[in-house]
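The values are calculated or read from the model by the stated rules, or taken from the named source; none is laboratory data. All figures in this text were calculated on a predicted structure; none of them were measured in a lab. Please note: Cβ atoms are built from the backbone with ideal geometry, for glycine as well, and neighbour counts cover all protein chains shown.
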């Protein structure tokens with residue numbers, strides 16, 4: 001390993017690979033459609049990407065952005081995003097990533113809260129800055145990625161020029177801030193998670209080590225930030241031609257073309273992404289002989305999606321469902337073959353979704369569910385195996401705080417000396433083999449008069465109906481005595497249009513629910529044409545919105 005990797009700066013991964021394998025392709029990026037309809041690509045080597053990030057780093061430093069500067073990067077996935085990210089890391093700046101898909105109100109709230117000193121962004125973001133000045137008062141340095149209009153500051157082309165010297169990577173410690181990454185906000189306003197360089201380093205090592213990703217692998221990240229891990233691991237990265245905010249609506253042909261052309265060996269994407277691509281492959285008799293590993297994360301993965309992947313991948317291929325969150329990733333993982341062979345039938349009966357065993361270096365426990373702050377760790381909090389409680393984790397990949405959110409940090413963290421346990425906000429249990437079973441978000445549990453119901457467990461029962469695409473459990477009424485309601489999104493073409501059809505469909509679902517101890521107390525069924533889902537993975541159901549919708553219909 002090069003001496004360059006002695007630095008804790010995460011950017012040194014790129015520099016080290018560029019030194020030992022300069023001609024290896026770092027990234028294939030889409031240019032657009034050809035007349036034939038195929039998407040054309042261009043390659044950039046690790047040396048070229050490293051040199052481009054050097055040029056940008058020099059330019060950023062020249063205008064005043066340096067070590068510790070909080071820099072908000074709002075650039076779509078692509079070469080500029082990758083080069084700018086590593087450039088900011090190289091100079092020791094703190095990268096801020098806020099997904100614009102969270103909506104304008106949340107976006108502006110998060111920008112004001114994180115107080116960026118620099119804005120490196122596309123023209124639309126700069127226009128937003130001019131229109132909503134009070135949210136950007138801390139910004140002193142701006143760079144426009146694209147054409148500059150009625151605002152000041154240099155463009156990316158202007159800061160890029162000139163200096164061809166190698167840029168020394170800013171020496172930082174593992175405890176120095178590297179980035180502030182925002183959560184999806186699926187259960188509230190998105191929160192900024194503070195990442196240290198040591199945490200990013202631990203994540204790279206955990207992903208590469210556990211999934212045995214080698215430098216001759218070729219990755220296709222259907223979740224844009226994962227491209228940074230592809231580069232850091234020294235593997236070639238193929239950027240997909242897709243709208244990153246709509247993975248559930250991806251055009252499968254745009255994905256399958258580059259997988260075949262560049263012999264992609266591993267991919268990371270949401271269940272919604274692989275549901276669509278996998279269904280297309282089944283319908284058109286397409287297999288993926290080069291793909292050895294598919295990682296699915298962002299929401300529970302159904303046995304149907306895993307079964308399709310098993311049929312598409314080669315005999316030595318495997319799917320994996322790593323579990324984690326923005327605050328702690330990766331935490332657990334399990335192979336799709338083990339799920340299909342052992343746990344999917346139990347999941348269909350309401351056991352929850354098995355998400356596997358804790359990864360090396362991660363300690364995982366189940367504690368009693370409470371909604372209050374737990375200031376200090378105690379082994380007395382821990383529940384026996386098999387009992388459902390809140391999932392808590394500690395380890396090198398676990399973040400320590402939310403940026404400028406003391407109250408939320410106190411609610412999410414438990415101190416044990418100089419170590420931190422993160423409360424995942426998820427309910428689950430451990431089996432006698434040490435596997436974690438996910439039962440749903442803690443905030444989404446329904447506390448009825450006689451028992452507590454968990455979303456993933458109950459929904460699995462109703463999802464067995466052949467005409468159900470997905471379902472959502474919500475609670476109506478006071479927290480301590482909620483009325484459980486199941487909302488069903490039927491499959492395409494199965495939405496009941498007549499009252500008689502709706503009544504028959506609902507009775508079939510109630511009959512199904514009556515056969516399980518988990519769901520026999522549920523007496524209300526509603527039909528919804530299309531669930532609201534998270535903007536990042538298009539897979540997490542926004543049950544808060546559905547609960548409000550249901551309350552208007554059940555009195």
message: I'm told residue 438 meets every condition in (1) touching a residue at least 40 places away in the same chain (Cβ under 8 Å); (2) over 15 Å from residue 356 (Cα atoms) except one. Can you identify the failing condition by its number?
response: (2)
task: Of the conditions (1) over 19 Å from residue 10 (Cβ atoms); (2) assigned to a loop (DSSP other than H, G, I, E, B); (3) touching a helix residue (DSSP H, G or I) at 6+ places or on another chain (Cβ under 9 Å), residue 66 clears all except one; give me its number.
output: (1)
task: Looking at (1) surrounded by fewer than 21 Cβ atoms within 10 Å (Cβ to Cβ); (2) closer than 30 Å to residue 540 by Cβ; (3) at pLDDT 95 or above, find the lone condition where residue 85 falls short.
output: (1)
field: Output for the range 40-71, where each listed residue is within 17 Å of residue 141 (Cα to Cα), crowded, with 19+ Cβ neighbours inside 10 Å and more than 28 Å from the chain's Cα centre (by Cα)
entry: 58, 59, 60, 61, 65
query: Restricting the search to the range 135-157, which residues are assigned to a strand (DSSP E or B) and either crowded, with 20+ Cβ neighbours inside 10 Å or without any contact (Cβ under 8 Å) to a residue 60 or more places away in the chain (or both)?
result: 142, 143, 144, 155
query: Residue check: is residue 344 farther than 30 Å from residue 468 by Cα and crowded, with 19+ Cβ neighbours inside 10 Å?
result: no
statement: Expected single match for closer than 30 Å to residue 335 by Cβ and either surrounded by fewer than 17 Cβ atoms within 10 Å (Cβ to Cβ) or in contact with a helix residue (DSSP H, G or I) (Cβ under 8 Å, 6 or more places away or on another chain) (or both) among 410, 427, 448 is 427
message: Can you confirm whether residue 295 is buried (at least 21 other Cβ atoms within 10 Å of the Cβ), in a helix (DSSP H, G or I) and at pLDDT 95 or above?
response: no
message: Given the condition touching a helix residue (DSSP H, G or I) at 6+ places or on another chain (Cβ under 6 Å) and assigned to a strand (DSSP E or B), answer yes or no: does some residue in the range 9-30 qualify?
response: yes
- line: Taking the range 501-552 and the residues there that are without any contact (Cβ under 8 Å) to a residue 24 or more places away in the chain and closer than 30 Å to residue 225 by Cα, the one that is nearest to the chain's Cα centre (by Cα) would be 532
field: Residue that is surrounded by the most Cβ atoms within 10 Å (Cβ to Cβ), among those in the range 11-39 that are at pLDDT 95 or above and farther than 27 Å from residue 199 by Cβ
entry: 29
task: Identify all residues within the range 460-478 that are within 23 Å of the chain's Cα centre (by Cα) and either outside any strand (DSSP E or B) or closer than 18 Å to residue 275 by Cβ (or both); write none if there are none.
output: 460, 469, 470, 471, 472
query: Got a number for residues in the range 93-105 being in contact with a strand residue (DSSP E or B) (Cβ under 9 Å, 6 or more places away or on another chain) and either touching a residue at least 60 places away in the same chain (Cβ under 8 Å) or assigned to a helix (DSSP H, G or I) (or both)?
result: 8
message: Within the range 385-407, take every residue that is within 14 Å of residue 371 (Cα to Cα) and in contact with a strand residue (DSSP E or B) (Cβ under 8 Å, 6 or more places away or on another chain) and give me the one that is surrounded by the most Cβ atoms within 10 Å (Cβ to Cβ).
response: 391
field: Test: residue 520 is in a loop (DSSP other than H, G, I, E, B), in contact with a helix residue (DSSP H, G or I) (Cβ under 8 Å, 6 or more places away or on another chain) and surrounded by fewer than 18 Cβ atoms within 10 Å (Cβ to Cβ)
entry: yes
Listing of helices (runs of 4 or more DSSP H) fully contained in the range 158-263 that carry 3 or more residues being surrounded by fewer than 21 Cβ atoms within 10 Å (Cβ to Cβ) and at pLDDT 95 or above: 197-210, 252-261
task: For residue 108, state whether it is buried (at least 19 other Cβ atoms within 10 Å of the Cβ), outside the structural domain of residue 532 (by TED's automatic domain parsing) and either at pLDDT 95 or above or under 21 Å from residue 158 (Cβ atoms) (or both).
output: no
message: With the condition being in contact (Cβ under 8 Å) with a residue 40 or more places away in the chain and under 22 Å from residue 417 (Cα atoms), I'd like the strands (runs of 3 or more DSSP E) fully within the range 324-403 carrying at least 2 qualifying residues.
response: 328-333, 362-367, 389-395
